[in-house]
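Worksheet for the structure shown next.
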Amino acid sequence: MNKKIEILAPGGSFKSLTSAIDSGADAVYFGGTRFGARANAANLSNEEIVQAVKYASLRGVKLYVTVNTLADDSELGQVFEFLRFCYTSGVDGVIVQDLGIVNMIRTHFPLFRLHASTQMTVHNLDGVLQAQKMGFDRVVLSRELSFEEIKYIADNSEIELEVFVHGALCMSYSGQCLFSSFLGGRSGNRGQCAQPCRLSYTLLDENENHVSEKDKYLLSLRDLCLVDHIESLKKAGVTSLKIEGRMKSEAYVSAVCGIYKKYSDGREVLREDKALLENIFSRQGFTKGYYNADYGRDMLSYSSNHDNIYSSVTEDVTNRALTFAQSEFKIFLDAKFTAFLGENAVFECVYNEKIYTCKSDEIVTEAVNAPVSKERISDQLSKLGSTVFAFSDLRVDSDENIYISIKEINSMRRRVTEEIERDISSKGRTYDGQNFSLIVPKRKEIISPVFTASVLTGKQAQTAYDIGFEKIYIPLEVYLENPDLYDSDKDVYSVKLPPINHKNQKNDYSFIKTDSVCITNLGHLLNKDNFSHIHADYRLNAFNSLSIRELMKWGVKSVTLSPELTISQIKEIGKSIKTEIVVYGRISLMTVRNCLIKSSKGKCGCKKGEIYYLKDRKNAHFPVIASKESCTNVVYNSVPIVMSDRMHELSSCGVDMYRFDFTTETDDEMYWVMKMYESSQKSKEAFTRGHYYNPIK
């Protein structure tokens, strides 16, 4: 199979971007000064973006800009201006997380290629098919997929698929990690992740016993390297191989991109090139990640020296890495120059079957002293300097004993090559549409909001029912234990569909008989016609009015707003459908496929439903709860959000539903929580206000 596969490289700075292109990248992804998921990279200014488009376009390389963070209502206008700039400048596509920005791009910038960021947590066929329906051209699949899962998706979909093949691995599914956000206010959904996963943790059981004395860096994964599997991914139908590294050095980008390009034709990888990959950057060697579906302890990096890996990179390694970026690139032109007495000189160049013509401003005259020979004309035209152009054929036809100024010849050469450059760089895009304006219905205070509960067990569901919650979200695995019970009160119970489902099949949830379901990923929308009411969980990251508008378009009737919003930000979100906020409970900080329990104990604990705890260096205990349905771990915050003494302040937000998230609570603790809220008491236990008063960075 001779199908070409795209090598997609990171461009964390202008220099890294050009190095990636010179090292063989077919496409480069980069961020601007805002709205990208690597805010701490150098990134590109608007002026550098213009230069980058020219540099890449002349070399036939695609550029994708990352606008893959969440934006609140007040920022959407700035996002629009940046997108318009990139659109008219000739950037090829946008990598997006925020559904509101997806809505904006489809409405205003239809010629942009639209790529679903890995931050959208698209990890199965349902998600890919839904992304295709929403107008995406490409999906960046979650890093957690095995080869067989990738192949199954490719075999059953038509959309382009992009797969990470090299670089850092996050422990949590991208887009589902609030660890950095809730521990220090620096959100991965805003490109500010502080990487608390690289710190040491101890896994404890319910009795505070150490599950493993050896393992400390339980959330820190080695870097991914799939250079040996390029051909398999190509044959499976993958479109693009993505290299992580917008915060890495120019030498790293050059070496990794150059090596992956070198082996994109299927040849066997040389040992010295593997050694260079490891020497330029790795965390105690590489892992194949989830590729072979044999993940576990071997994926972990046990070193604490994660931030000083570059210190051991020798000058020799750096110099060798940079050799990949020394290739010369030329565009060859067929050209003809004519100069006849009494006429304007004419310079013609042919590129891509188009003729570019320039006439001289001055008339060709008879030489008085020093005639300009054909050789001199040819020499001047060939002085193409630092441009990418060279002549494959240059003919000069002229009378004898003529004069035309050297300055004029140089000007004609420059005008033609600049016109060709403009044609190549320009995508023919202009923006003649309306400026962006966000008009949304204002929120009003809700006098009697509905109290809802989210639970993890059947016992908690019964207690929540006895307490009198008007809506109770139960996991699918709980529903399946006793569907008749929950169907009998189908207006009270709402089945929360699993956020992660790696089964190689399209999922049919029509067997659920409750009136409503709570969706936790985009793929669930394929089942929207089976239910009278679809509620979107906070895992879908509804952060602004446009994201809610997009969810409404696909049949969503109510939504839990992102727990990263402040009270003031919530007030700005338009009142279009019923909204819900979490007023009590432990927020899900990470969703993990590489089982923490198995990595420490050597065997999985998902089926037993046991609760474990991650203990950090400050003695905070983060509950780890295993899902029987999806065989994943969810790490919850060490303390719950508590707003019992601040409910009067929340009332001004105008939300319709107040949600209580019960995770580790016993029956008695659930009743105690409700009494605390009924009496507006402040909790005497440790708690957090979440982000209601502290905006994320």
Between Thr452 and residues 5 or more places away or on another chain, which pairs have amide H atoms under 5 Å apart, with H built 1.01 Å from N, and which residues are they?
Tyr658, Arg659, Phe660
For Val635, what charge total do you get from the other residues with a beta carbon under 13 Å from its beta carbon, if Lys and Arg give +1 and Asp and Glu give -1?
+2
For the chain, percent of DSSP beta bridges that are antiparallel (nearest 5) comes out at 35 percent
What list of ³J(HN,Hα) couplings, whole Hz, do you get for segment 110-125 from phi and the Karplus terms 6.51, -1.76, 1.60, once you set θ to phi - 60° and write x for glycine and proline?
x, 8, 5, 6, 10, 10, 7, 4, 4, 5, 8, 6, 7, 9, 8, 4
So, relative contact order of the chain in percent, Cα under 8 Å, 6 or more apart, is 15 percent
Given charges at beta-carbon only (K, R positive; D, E negative), |dipole| of segment 331-425 in Debye
280 debye
Cα lying deepest toward the dipole's positive end in the chain, options Ser23, Tyr291, Gly135, charges on Cβ
Tyr291
Out of these labelled values of Rg and Dmax of the Cα atoms in Å, (1) 29.4, 108; (2) 61.8, 198; (3) 36.8, 111, which was calculated from the coordinates shown here?
(1)
Under the Karplus relation 6.51 cos²θ - 1.76 cosθ + 1.60, θ = phi - 60°, what is the ordered set of whole-Hz ³J(HN,Hα) values for segment 70-77, x standing for Gly and Pro?
8, 10, 8, 4, 5, 9, 4, x
Considering only the other residues whose Cβ falls under 15 Å of the Cβ of Glu366, what net charge follows from Lys and Arg at +1 and Asp and Glu at -1?
-4
Beyond 29 Å (Cα-Cα) in this structure, taken from Lys601/Lys628; Lys575/Lys615; Lys235/Lys598; Lys234/Lys601; Lys490/Lys675; Lys528/Lys697, we find Lys575/Lys615; Lys235/Lys598; Lys234/Lys601; Lys528/Lys697
Amide H contacts under 5 Å for His533, placed H, 5+ residues apart
Val517
Filtered hits (aspartates and glutamates, Cα-Cα < 12 Å from Lys682, offset >= 8 within chain) -> Asp645
Using Cα positions and a limit of under 29 Å, work out the lysines in reach of Lys359, with same-chain residues fewer than 8 apart set aside.
Lys54, Lys330, Lys336, Lys374, Lys383, Lys407, Lys427
Hey, if you put +1 on the Cβ of every Lys and Arg and -1 on every Asp and Glu Cβ in the chain, which of Ala542, Tyr479, Ala390 ends up farthest toward the positive end of that dipole?
Tyr479
Counted charge near Tyr613, where neighbours are those whose Cβ lies closer than 13 Å (Asp, Glu -1; Lys, Arg +1):
-3
How far, in nm, would the chain grow between Glu685 and Met647 when pulled straight, counting 0.36 nm per residue and subtracting the alpha carbon separation?
11.9 nm
Run the helix sum for the chain: -39,500 (n - 2.57) per DSSP H stretch of 4+ residues, divided by residue count, reported at 222 nm to the nearest 500 deg cm²/dmol.
-8000 deg cm²/dmol
Once Lys and Arg get +1 and Asp and Glu get -1 on their Cβ, which of His108, Ser57, Thr88 lies farthest toward the positive end of the dipole of segment 1-129?
Ser57
Segment 4-21 - phi-based ³J(HN,Hα) in whole Hz, Karplus 6.51/-1.76/1.60, Gly and Pro as x:
7, 10, 6, 9, 9, 10, x, x, x, 8, 4, 5, 5, 5, 5, 5, 4, 5
DSSP beta bridges in segment 331-425 [antiparallel fraction, %, rounded to 5]
60 percent
In degrees, nearest 10, the alpha-carbon axis of helix 406-425 is tilted away from the dominant principal axis of the alpha carbons of the chain by 30 degrees
Between Asn507 and Asp484, how high is the FRET efficiency from 1/(1 + (r/R0)^6) when r is the Cβ-Cβ distance and R₀ = 30 Å? Nearest 0.05.
0.85
For the chain, what is the charge dipole size about the Cα centre, in debye to the nearest 20, if Lys and Arg each add +1 at the Cβ and Asp and Glu each add -1 at the Cβ?
760 debye
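Every read-out reported here was derived from the displayed coordinates using simple, explicitly stated rules and does not represent laboratory data. Remember, predicted model here, so these are calculated numbers, not experimental data. Note that we place each Cβ from the backbone using ideal geometry, even for glycine, and neighbour counts take in every protein chain shown.
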